[in-house]
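Student: Pasting a structure here, questions to come.
The values are calculated or read from the model by the stated rules, or taken from the named source; none is laboratory data. For clarity, every value in this text was computed on a predicted model and none was experimentally measured. Positions of Cβ are backbone-derived with ideal geometry, glycine not excepted, and every protein chain shown enters the neighbour counts.
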Amino acid sequence: MVLFSELGLSQKVLNAVEAAGYTEPTPIQEKAIPHALAGKDVLGIAQTGTGKTASFVLPMITRLERGRARARMPRTLILEPTRELAAQVEENFNKYGANHKLNVALLIGGVSFEDQDRKLERGADVLIATPGRLLDHFERGKLLLTGVDILVIDEADRMLDMGFIPDIERICKLIPFTRQTLFFSATMPPEITRLADQFLQAPVRVEVARPSTTAATVEQRLLGVSNKDFEKRAALRDLIRDQDNLKNGIIFCNRKRDVSELFRSLDRHGFSVGALHGDMDQRSRMAMLHNFKENKIQLLVASDVAARGLDIPDVSHVFNFDVPIHAEDYVHRIGRTGRAGREGNAFTLVSKPDTKHLHAIQDLIKTEIEWLSPIPEAQGDEDDERGSGRGRRGSRSSRGRDSKREPKKARAVEEAPVAAAEEPQTSEPKPKRKRGRKDEDNSPVPVGFGEDIPAFMMNGL
């Protein structure tokens, strides 16, 4: 058994780690920290929830005890794919750097440039940023990257998925070639291997689990459902109600629009639920995460923005309302539960069109996932969620796809008595309007002058 005190960290850092309640490092921390302290490039591969963040935060704080930052010239740079991940890393620096006087600057979207500029002017020992906002500051002349000694590229495979690799390549060209680079990823597809070869120099490869494996503590199950939205939502509600050990849960959708619609549906049915997706402003996203962490809401409907690296340590359930299109995303989604050795539960709703993606997932994780119930055969049309509050009138967004339009014939039958009551009966039937093409003239012939032509029109005849 290895202890943190044996890894070479400074005493101040060890005191902060002990105050946080930790004594033993995780496998990725045990293997990566000594190499990071020695100034070597590190390629770290580990499934989500294994403590990757501390494996680069702790050695960085130890190395930053010497030296001071200069205005607009950060000493270290950490690149994260999402605002939430960047904010989480900042929390780690605040927790483990409690005994240090480090200036930490967070550059993410949704926050005013002026506040961020002031932090840069004071000098940043640690700069945590998303690629887009970092380049915005650089192009405005508010940031110089020539003083960066340590570069961390976190969640590299997520960077690839989100299209950030061209930005990463550009940023790396602005940083000194002699830097130390720490490169972390949960999966290692061929594209990420190529990038690692490009960014790292003689790296130490640290791998604590086979790439794209799922935690053994997570119980995975499949639930066959209809591909009709209202039936699928009903199946999810029944599944949630059947969970006796449900403390809280994250429900993943593939599209932001579906996040909003599913949130409204669950809210109408009385569930304690919130929503999280990329179109929300930063303040709302952080408030929603805080409420979920504090158990003020039990369920969080989210897009994949919440799948990577969010530090919510005790999530009991993950529900995949949609089968992820990319197999790697399945690993990251269910990695939100069963963290740090806890038991977790992951359920995935599967309809017939999803089977192709399901096969890709099972091939990736080398596991045959057990079915709770098979995919049902095709069914006829049914009313959408009877009694679920469909009668509520309002904007189109308030109805969403939870309400289906009634057939025209049905509406005509219901409206007939009303029309009869409002319009008196006549003995003669109404003349029928002739239907024709737009370019046909079916209107009455206009009346002319006949034989009585005015005298002024006779001039010249």
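Student: Among the residues of region 199-207, is there at least one that is over 23 Å from the mean Cα position of the chain (by Cα), of a type in the set (Gly, Ala, Ser) and surrounded by 14 or more Cβ atoms within 10 Å (Cβ to Cβ)?
Tutor: No, that holds for no residue.
Student: Which of the residues spanning region 252-277 are within 13 Å of the chain's Cα centre (by Cα) and under 18 Å from ILE312 (Cα atoms)?
Tutor: Hits for region 252-277 are PHE252, ALA275, LEU276, HIS277.
Student: Moving on. Within the bounds of region 170-179, is there any residue that is among the basic types (Lys, Arg), buried (at least 17 other Cβ atoms within 10 Å of the Cβ) and within 21 Å of THR348 (Cβ to Cβ)?
Tutor: Within region 170-179, not a single residue is among the basic types (Lys, Arg), buried (at least 17 other Cβ atoms within 10 Å of the Cβ) and within 21 Å of THR348 (Cβ to Cβ).
Student: If you don't mind, another one. Which residues, counting only those in region 321-369, are in contact with a Leu (Cβ under 7 Å, 6 or more places away or on another chain) and part of a strand (DSSP E or B)?
Tutor: PHE347, THR348, LEU349, VAL350
Student: Shifting gears a bit: On the basis of being of a type outside the set (Ser, Thr, Tyr), within 19 Å of ASP304 (Cβ to Cβ) and modelled with pLDDT of 90 or more, does ASP154 make the cut?
Tutor: yes
Student: Let me ask something else. Can you tell me how many residues in region 75-84 are part of a strand (DSSP E or B) and in contact with a Ser or Thr (Cβ under 9 Å, 6 or more places away or on another chain)?
Tutor: Total meeting the criteria: 1.
Student: Turning to a different aspect of this structure: Would you point out the residue of region 285-321, among those that are at pLDDT below 85 and either among the basic types (Lys, Arg) or more than 26 Å from THR187 (Cβ to Cβ) (or both), that is farthest from the chain's Cα centre (by Cα)?
Tutor: MET286
Student: Which count do you get for residues in region 239-262 that are outside any strand (DSSP E or B) and within 21 Å of ILE325 (Cα to Cα)?
Tutor: The total comes to 10.
Student: Select from region 322-356 the residues that are among the basic types (Lys, Arg) and either at positive phi or modelled with pLDDT of 85 or more (or both) and list them in ascending order.
Tutor: ARG333, ARG336, LYS352, LYS356 - these are the residues of region 322-356 that are among the basic types (Lys, Arg) and either at positive phi or modelled with pLDDT of 85 or more (or both).
Student: Quick check, is THR193 over 21 Å from ALA105 (Cα atoms), polar (S, T, N, Q), more than 23 Å from the chain's Cα centre (by Cα) and modelled with pLDDT under 95?
Tutor: Taking the combined requirement at face value, the residue satisfies it.
Student: Another question, then. Quick one: is GLU30 part of a loop (DSSP other than H, G, I, E, B) and more than 21 Å from ALA86 (Cα to Cα)?
Tutor: no
Student: Which of the residues belonging to region 116-134 are over 16 Å from THR82 (Cβ atoms) and part of a loop (DSSP other than H, G, I, E, B)?
Tutor: Listed by number, the residues that qualify are GLY123, ALA124, ASP125.
Student: Report the residue count in region 33-51 for those that are in a loop (DSSP other than H, G, I, E, B), among the aliphatic types (A, V, I, L, M) and surrounded by 24 or more Cβ atoms within 10 Å (Cβ to Cβ).
Tutor: Selection size over region 33-51: 1.
Student: Sticking with this one: Quickly run through region 1-51 and pick out the residues that are of a type in the set (Asp, Glu) and in contact (Cβ under 8 Å) with a residue 40 or more places away in the chain.
Tutor: The answer is ASP41, and nothing else.
Student: Taking region 1-56 on its own, how many of its residues are of a type in the set (Lys, Arg) and in contact with an Asp or Glu (Cβ under 8 Å, 6 or more places away or on another chain)?
Tutor: Total meeting the criteria: 2.
Student: In region 23-38, is there at least one residue being of a type outside the set (A, V, I, L, M, F, W, C) and more than 26 Å from ALA215 (Cα to Cα)?
Tutor: Within region 23-38, not a single residue is of a type outside the set (A, V, I, L, M, F, W, C) and more than 26 Å from ALA215 (Cα to Cα).
Student: Quick one: in region 22-40, of everything that is under 32 Å from the mean Cα position of the chain (by Cα) and among the small types (Gly, Ala, Ser), which residue is nearest to LEU64 (Cα to Cα)?
Tutor: Selected residue: ALA36.
Student: Could you list, in sequence order, all residues of region 104-136 that are closer than 12 Å to LEU79 by Cβ and either free of Cβ contacts under 8 Å to residues at least 60 places away in the same chain or surrounded by fewer than 19 Cβ atoms within 10 Å (Cβ to Cβ) (or both)?
Tutor: Within region 104-136, LEU107, LEU127, ILE128, ALA129, THR130, PRO131, GLY132, ARG133, LEU134, LEU135 qualify.
Student: Ok, one more. Considering SER226, SER260, which residue is more than 30 Å from ILE45 (Cα to Cα), of a type outside the set (A, V, I, L, M), in contact with a strand residue (DSSP E or B) (Cβ under 8 Å, 6 or more places away or on another chain) and modelled with pLDDT under 95?
Tutor: SER260
Student: Would you say VAL2 is among the β-branched types (Val, Ile, Thr), assigned to a helix (DSSP H, G or I) and farther than 17 Å from VAL204 by Cα?
Tutor: no
Student: Within region 52-74, how many residues turn out to be among the small types (Gly, Ala, Ser), part of a loop (DSSP other than H, G, I, E, B) and crowded, with 19+ Cβ neighbours inside 10 Å?
Tutor: The qualifying residues number 1.
Student: In this structure, is LEU79 more than 20 Å from ALA124 (Cβ to Cβ) and either outside the structural domain of MET162 (by TED's automatic domain parsing) or crowded, with 21+ Cβ neighbours inside 10 Å (or both)?
Tutor: no
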